[in-house]
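Structure first, commentary second.
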Amino acid sequence: MQYSKNLGVHLKRIFEEKFTKTPQFVFSPGRINLIGEHTDYNDGFVMPAAIDKGIYIAFAKNENNRIRLFSYDFDETVEVELKKLEAVSTGWANYILGVVNEIQKIKPLSSGFDMVFGGDIPIGSGLSSSAALECGVGVALNNLFNVKLQKIQIARIGQAAEHNFVGVRCGIMDQFASIMGKKNHTIQLDCRSLEYEYFPSNFEEYQILLCNSKVKHSLAESSYNQRREECEKGVQILKEKYPLIESLRDVTLEMLDILRHRLSNTLYNRCSYIIEENQRVVEASKLLKQNKLKQLGALLFESHQGLSKKYEVSCEELDFLVDLVKNNSAVLGSRMMGGGFGGCTINLVERSAKENLVKELTREYDKKYNIALECYEVELENGTHLINHEFYGSI
Ligand code: ADP
Ligand code: MG
């Protein structure tokens with residue numbers, strides 16, 4: 001992949017000025033999710049992939065039993081004593097300290113360490129900059145202190161850090177995708193068993209284009225929790241007739257229809273969306289295998305329709321962006337990605353038409369909302385990994 005050399009140059013210089021030694025580097029990617037939205041907490045399937053944008057961390061041990069952190073993007077320093085590890089008031093630092101806290105439960109660190117980090121991934125836009133940071137720190141410390149963690153353990157450590165130090169009860173998908181990513185592949189992940197399978201996803205004349213709506217509606221958090229509760233409520237009612245089910249993952253549309261009279265319209269819509277979206281993920285992986293990208297694209301549009309009309313987690317701006325490309329023959333599919341109420345859309349678009357498309361979307365979006373749309377081309381990349389000496393040696 002093309003590493004962000006400029007960023008590397010800055011991080012290396014800052015590290016050397018601050019700590020007068022040469023660091024090691026790790027790159028940790030953000031992720032996309034091709035299809036399978038809101039299915040993770042219903043024990044269902046998702047289809048994420050790591051991307052070529054993420055977090056770069058320069059790191060080394062130190063001799064003074066302190067953790068010294070510098071965020072290049074926020075231009076902030078945090079220092080804590082290794083022996084007095086606790087959450088701090090500086091938000092970003094907790095993603096790192098949380099990982100240290102989880103690793104220490106397995107093996108106490110033998111010394112302090114220094115880190116300087118920054119990213120080329122938009123923060124808080126649904127590309128999982130937070131998981132990228134956690135996994136990057138996990139791999140860095142695993143290497144530095146020879147902790148011998150497996151990749152999946154590091155993913156779980158990242159998730160636990162977010163639960164325990166940041167206070168966000170996230171699923172495992174983001175960390176899993178960031179660390180397990182494989183170049184030109186998506187990962188079909190079963191969120192119940194964590195079984196996974198890689199699917200070749202070299203889209204050839206097509207590519208993935210993300211469009212950042214740059215909005216974040218205040219509904220995002222409360223509605224996320226509300227949707228989780230609605231799914232649980234649906235399962236509770238369904239359990240009366242089908243006591244063996246544990247989650248919507250175990251329910252078919254036929255089973256749901258038999259109990260339709262027991263569910264409000266809203267609850268019926270929420271449940272049927274999840275059941276259909278799970279089916280779409282299974283279907284998507286088959287289509288990918290057969291390289292049937294047109295049909296795959298159609299599934300993305302269907303997914304968006306469900307998210308918008310049945311699950312009701314889209315918003316005007318995201319609907320607008322998807323509607324704009326619906327009848328464009330250069331766009332195979334488009335949908336909102338992530339929790340909803342803002343963030344990015346993911347689009348499968350013809351490479352040769354990309355430039356014009358970006359221009360058109362940017363113009364129309366600006367005209368309608370007076371917001372400068374940001375578009376990112378992404379390639380599917382390997383998961384979190386150390387960058388060898390040639391990278392930081394030559395910058
Ligand atoms: P997302 O994971 O979708 O990007 P989150 O809200 O989950 O959004 O995580 C964003 C938070 O992660 C930021 O507020 C910050 O605390 C931390 N973070 C992510 N990227 C960086 C970065 N480049 N520098 C510093 N902190 C970062
Ligand atoms: Mg996040």
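The values are calculated or read from the model by the stated rules, or taken from the named source; none is laboratory data. Being a predicted model, the structure only gives us computed values, none of them experimental. Here the Cβ is made from the backbone with ideal geometry for all residues, glycine too, and neighbour counts use every protein chain on show.
Structure summary
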item: Residues satisfying the stated conditions in segment 283-300, i.e. within 15 Å of Tyr206 (Cβ to Cβ) and in a helix (DSSP H, G or I); result: Ala284, Leu287, Leu288, Leu293, Lys294, Gln295, Leu296, Gly297, Ala298, Leu299, Leu300
item: Residue in segment 123-141 that is among the acidic types (Asp, Glu), crowded, with 17+ Cβ neighbours inside 10 Å, modelled with pLDDT of 95 or more and within 16 Å of ligand 2 (Cβ to nearest atom) present; result: yes
item: Filtered residue count, segment 316-349, keeping only those that are under 23 Å from Gln295 (Cα atoms), buried (at least 19 other Cβ atoms within 10 Å of the Cβ) and at pLDDT 95 or above; result: 18
item: Residue in segment 368-389 that is in a strand (DSSP E or B), out of contact with any Phe, Trp or Tyr (no Cβ under 8 Å at 6 or more places or on another chain) and of a type in the set (Ser, Thr, Tyr) present; result: yes
item: Single unsatisfied condition, Gln236 versus (1) over 21 Å from Gly30 (Cα atoms); (2) touching a Lys or Arg at 6+ places or on another chain (Cβ under 8 Å); result: (2)
item: Cβ pairs under 8 Å, 6+ apart, first in segment 281-303 and closer than 19 Å to Val46 by Cβ, second of a type in the set (Lys, Arg) and part of a helix (DSSP H, G or I); result: Leu299/Arg280; Phe301/Lys326; Glu302/Arg280; Ser303/Arg280
item: Tabulated pairs, segment 219-239, first part of a helix (DSSP H, G or I), second among the hydroxyl-bearing types (Ser, Thr, Tyr), C-beta under 8 angstrom, 6+ apart or interchain; result: Arg227/Tyr311; Arg228/Tyr41; Glu230/Thr266; Cys231/Tyr41; Cys231/Ser247; Val235/Ser247
item: Failed criterion for Lys107 (all others in (1) touching a helix residue (DSSP H, G or I) at 6+ places or on another chain (Cβ under 9 Å); (2) more than 22 Å from Thr22 (Cα to Cα); (3) charged (D, E, K, R) hold); result: (1)
item: Members of segment 161-189 found to be surrounded by fewer than 18 Cβ atoms within 10 Å (Cβ to Cβ) and either more than 11 Å from ligand 2 (Cβ to nearest atom) or of a type in the set (D, E, K, R) (or both), listed by number; result: His163, Asn164, Gly167, Arg169, Lys182, Lys183, Asn184
item: Condition check for Leu149: of a type in the set (A, V, I, L, M, F, W, C), in a loop (DSSP other than H, G, I, E, B), in contact with a Phe, Trp or Tyr (Cβ under 6 Å, 6 or more places away or on another chain) and without any contact (Cβ under 8 Å) to a residue 60 or more places away in the chain; result: no
item: Hits in segment 104-133 - residues which are more than 7 Å from ligand 1 (Cβ to nearest atom), part of a helix (DSSP H, G or I) and touching a Phe, Trp or Tyr at 6+ places or on another chain (Cβ under 8 Å); result: none
item: Test: residue in segment 383-393 that is small (Gly, Ala, Ser), over 24 Å from the mean Cα position of the chain (by Cα) and surrounded by fewer than 17 Cβ atoms within 10 Å (Cβ to Cβ); result: yes
item: For Phe165: the one exception among (1) aromatic (Phe, Trp, Tyr); (2) free of Cβ contacts under 8 Å to residues at least 60 places away in the same chain; (3) outside any strand (DSSP E or B); result: (2)
item: Residue identified as among the small types (Gly, Ala, Ser), on the phi > 0 side of the Ramachandran plot and away from ligand 2 (no atom under 16 Å from the Cβ) among Gly44, Gly36; result: Gly36
item: Residue match in segment 203-224 (condition: hydroxyl-bearing (Ser, Thr, Tyr) and farther than 30 Å from Leu332 by Cα); result: yes
